[in-house]
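The values are calculated or read from the model by the stated rules, or taken from the named source; none is laboratory data. A quick note: this is a predicted structure, and the numbers were derived from the prediction, not measured. Cβ sites come from the backbone with ideal geometry, for glycine too, and all protein chains shown count toward neighbours.
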There are 2 protein chains.
Amino acid sequence: MPVGTQATVKAVTPGELAEVGARIVLANTYHLYLRPGAEVVERAGGLHEFMQWHGPILTDSGGFQVFSLSARRKITEDGVRFRSHLDGSEHLFTPESVTRVQERLGADIIMAFDECAPYPAEKEYVREAMERTHAWAERCLSAHTRQDQALFGIVQGGVWPDLRRQSARFLGSLDFPGYGIGGLSVGEEKGQMAEALEAAISELPENRPRYLMGVGAPEDVLDSIVAGVDMFDCVLPTRNARNGGLFTPAGRLNIRNGSFREDLLPVQSDCDCYTCRNFTRAYLHHLFRAEELLAYTLATVHNLRFLIALVERARGAVLRGELSDFRERFLEGYSPTDPEARAMNRRRRRAAVWD
Amino acid sequence: MPVGTQATVKAVTPGELAEVGARIVLANTYHLYLRPGAEVVERAGGLHEFMQWHGPILTDSGGFQVFSLSARRKITEDGVRFRSHLDGSEHLFTPESVTRVQERLGADIIMAFDECAPYPAEKEYVREAMERTHAWAERCLSAHTRQDQALFGIVQGGVWPDLRRQSARFLGSLDFPGYGIGGLSVGEEKGQMAEALEAAISELPENRPRYLMGVGAPEDVLDSIVAGVDMFDCVLPTRNARNGGLFTPAGRLNIRNGSFREDLLPVQSDCDCYTCRNFTRAYLHHLFRAEELLAYTLATVHNLRFLIALVERARGAVLRGELSDFRERFLEGYSPTDPEARAMNRRRRRAAVWD
């Protein structure tokens, strides 16, 4: 799912989104509640009408965002009191209020209000956050009235496999139509994430979609599909694009690099996106150096198409029973960003949740 | 002509440009010479290939830009020595070098190298600049070798009708395939501009296109078409768009204004552009407040369509012999920006020639 935090996927039109093959986009409850306000979106006919995206939309609950406000929020059993990052005004999010806001925004899939514990955190704290998340999940279910929206629960439990299993078991018993797996890819080691993910999935119902929240690096997406994940969202393709980081089957290139100044190849020769069908690396290099807005559009179009084409091909491989071959072939050619750069990206993501 | 200074019309793709009905775009020799360099554009197959705009392109000669560098340039009879606004490096533009650069960029219409005198300026200085412009025009003609490009001369002469007539007569005698009228809309009164324009046109050949450089406010465009102008370029529609200033038949509105927060109408009800066919003022207001890149794209698409639809309709009125009726009907409904705001816009345009 491309991320459209503020009811727009940054730098692209809904038409361009459809053209890259996006099937569903994500928007954020926290941001839209603060600006323009749920009532404005509701009066406009809901998010689909407001942003003119006629495919499915998922709204995140805002849990991740309010907990990232660390100094500006206070957690109680009832909910979270926080100050707006826009104007400092005070607000209260409860499972009931967040569910109501999401009903007014009108997405097709809405998320339960959860507490995403930071990493690192004491196991005892992570357990408490998980238990609050469970209690809140039940309250979201009770509060939810719109039968045309699917409400997903969110599994928490940090990096502890036993907590992850416990959380998945509990939420599974509540019979949600789908499940988010939250609180991963927030700074932990790759191996810790894999273990926690596996533990969660082992206890989730087989016949419900599993959505790994905030994960989007190509290698992580493939590993997670192998582990049994069905849905992803991440700002990585769009944010990297705006910084000049473009995905290719060989890894990420930075188009601002001087070596591309006269490079007349497309970003990726076998890519079918508007950018690669029409423009050279030299032109994109020029647009980035000249700080032209078209740079962000063309780069975003390519990165979104790269990720979406990747999951389209992975889906085909799943259906043919060839997923692990597909994954291996892809990873043979692909150099992921080095671990240090990954860790920095994560810290940055954590710090700047306002993408 | 939408302005694509750095080989891109800011915030829109070539596809979006074609969709608003653009028939020709302008790019700038000064900017492209400095970055990415004429050799890069040439190796890419010329501007059309580089920026993927397959309609006609006109390149301005860079005269207006280097003369706007005031403190950073020195004029001699041979040409202009100037320092780059990017890195301070020193360069020399001569009629011959500018013609050569434009041949390498490969536009369909290229402009002679001219000296655009500032406003206000002593008549004696304006006369000297005009005479230099005439000598340079002859040198450009001699230097020009590409038969597939039309080289336009540029009439100068400031606000003095006698100089304008003299300039038009001289350049007319050189038999250019078309004529720019430069050095207007640079801060002079509306009446002064009208007189100078009329004087120039009275001496230009009837059967050659006349291009009024840098003019683009709807009311000025209509007045100038009545006066006999055929072509325009201006950053006004695109720059205003990025500041939230949107054209409508009633005048310009600022979409950032709080009154649009819940306004579910399109920017202009009878506009056929992508923006007006799909989005509400409330959504655009939100995008501008949230500083989302899509704001600039949607606003630019609308403003370009507004201006292009205006000249399309004016063209129809010319063919039916109803231009002055058309102009009157349009101006009855339209409130131009007040003179003070206009003057400020001009000063800003003069200061920021890098758009």
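Just to be sure I understand, how many residues within the range B:162-195 are of a type in the set (A, V, I, L, M, F, W, C) and more than 25 Å from B:Leu141 (Cα to Cα)?
So the answer is 3.
Inside the range A:304-325, can you point out the residues that are within 20 Å of B:Glu16 (Cα to Cα) and either of a type in the set (A, V, I, L, M) or in contact with a helix residue (DSSP H, G or I) (Cβ under 6 Å, 6 or more places away or on another chain) (or both)?
Passing the criteria: only A:Leu304.
For the structure I just gave you, tell me whether B:Ser185 is among the small types (Gly, Ala, Ser), under 22 Å from B:Phe152 (Cα atoms) and in contact with a Leu (Cβ under 9 Å, 6 or more places away or on another chain).
Here the answer is yes, as B:Ser185 does meet what is asked.
Hey, does the range A:201-215 have a residue that's assigned to a loop (DSSP other than H, G, I, E, B), acidic (Asp, Glu) and within 21 Å of A:Val20 (Cβ to Cβ)?
For the range A:201-215, residues assigned to a loop (DSSP other than H, G, I, E, B), acidic (Asp, Glu) and within 21 Å of A:Val20 (Cβ to Cβ): absent.
Give the residues of the range B:129-161 that are within 16 Å of B:Ala117 (Cα to Cα) and part of a helix (DSSP H, G or I), sorted by residue number.
B:Ala129, B:Met130, B:Glu131, B:Arg132, B:Thr133, B:His134, B:Ala135, B:Trp136, B:Ala137, B:Pro161
Scanning the range A:266-307 for residues that are of a type in the set (S, T, N, Q) and not in a helix (DSSP H, G or I), which turns out nearest to the other protein chains (Cβ to nearest Cβ)?
A:Thr280
Given the criterion buried (at least 23 other Cβ atoms within 10 Å of the Cβ), under 23 Å from B:Arg210 (Cβ atoms), of a type in the set (A, V, I, L, M) and in contact with a Leu (Cβ under 8 Å, 6 or more places away or on another chain), identify the matching residue among B:Ala27, B:Ala11.
Every option except B:Ala27 fails the conditions.
Checking the conditions here, which among A:Ala129, A:Ala112 is aliphatic (A, V, I, L, M), touching a residue at least 40 places away in the same chain (Cβ under 8 Å) and assigned by TED's automatic domain parsing to the domain that holds A:Trp160?
From the options A:Ala129, A:Ala112, the qualifying one is A:Ala112.
Does B:Ala241 qualify as being in contact with a helix residue (DSSP H, G or I) (Cβ under 9 Å, 6 or more places away or on another chain) and within 12 Å of another protein chain (Cβ to nearest Cβ)?
Spelling it out, B:Ala241 is indeed in contact with a helix residue (DSSP H, G or I) (Cβ under 9 Å, 6 or more places away or on another chain) and within 12 Å of another protein chain (Cβ to nearest Cβ).
Please name all residue pairs, on different chains or six or more residues apart, with Cβ atoms under 6 Å, provided the first residue is in the range A:1-18 and is over 15 Å from B:Thr280 (Cα atoms) and the second residue is in a loop (DSSP other than H, G, I, E, B) and of a type in the set (Gly, Ala, Ser).
A:Pro2/A:Ala22; A:Gln6/B:Ala290
Any chance the range A:184-198 includes a residue that's in contact with a Cys (Cβ under 9 Å, 6 or more places away or on another chain), within 26 Å of A:Glu312 (Cβ to Cβ) and in a loop (DSSP other than H, G, I, E, B)?
Looking through the range A:184-198, at least one residue is in contact with a Cys (Cβ under 9 Å, 6 or more places away or on another chain), within 26 Å of A:Glu312 (Cβ to Cβ) and in a loop (DSSP other than H, G, I, E, B).
Considering only residues of the range B:145-180 that are among the charged types (D, E, K, R) and surrounded by fewer than 17 Cβ atoms within 10 Å (Cβ to Cβ), which is farthest from B:Met130 (Cα to Cα)?
The residue in question is B:Asp148.
So A:Gly55 clears everything in (1) surrounded by fewer than 22 Cβ atoms within 10 Å (Cβ to Cβ); (2) more than 18 Å from the chain's Cα centre (by Cα) except one condition, right? Which one?
(2)
Against the definition (over 30 Å from B:Arg43 (Cβ atoms), modelled with pLDDT of 95 or more and either within 14 Å of another protein chain (Cβ to nearest Cβ) or crowded, with 16+ Cβ neighbours inside 10 Å (or both)), how does A:Leu323 come out, yes or no?
yes
Which of the residues that make up the range A:87-119 are farther than 27 Å from A:Pro209 by Cβ and either among the acidic types (Asp, Glu) or under 22 Å from the mean Cα position of the chain (by Cα) (or both)?
Those that are farther than 27 Å from A:Pro209 by Cβ and either among the acidic types (Asp, Glu) or under 22 Å from the mean Cα position of the chain (by Cα) (or both): A:Asp87, A:Glu90.
Kindly indicate whether B:Phe176 is within 23 Å of B:Gln102 (Cβ to Cβ) and not in a loop (DSSP other than H, G, I, E, B).
In short, no.
Among the helices (runs of 4 or more DSSP H) contained in the range A:1-84, which hold 1 or more residues that are within 11 Å of another protein chain (Cβ to nearest Cβ)?
A:14-19, A:29-34, A:38-43, A:47-51
Taking the conditions exactly as written (acidic (Asp, Glu) and surrounded by fewer than 23 Cβ atoms within 10 Å (Cβ to Cβ)), does B:Glu16 satisfy them or not?
Answer is no for this residue.
Can you tell me which condition A:Asn254 does not meet? The list is (1) outside the structural domain of A:Gly180 (by TED's automatic domain parsing); (2) surrounded by 19 or more Cβ atoms within 10 Å (Cβ to Cβ), and all the others hold.
For A:Asn254, the failing item is (2).
Kindly check whether there is at least one residue in the range A:329-349 that is under 26 Å from B:Leu32 (Cβ atoms), modelled with pLDDT of 95 or more and outside the structural domain of A:Gln192 (by TED's automatic domain parsing).
Scanning the range A:329-349 turns up no residue that is under 26 Å from B:Leu32 (Cβ atoms), modelled with pLDDT of 95 or more and outside the structural domain of A:Gln192 (by TED's automatic domain parsing).
Residues in the range B:198-212: is at least one among the basic types (Lys, Arg) and more than 20 Å from B:Val301 (Cα to Cα)?
yes
Kindly indicate the residue of the range A:85-99 that is touching a helix residue (DSSP H, G or I) at 6+ places or on another chain (Cβ under 7 Å) and part of a helix (DSSP H, G or I) and also surrounded by the most Cβ atoms within 10 Å (Cβ to Cβ) among those meeting that condition.
Here the residue is A:Val98.
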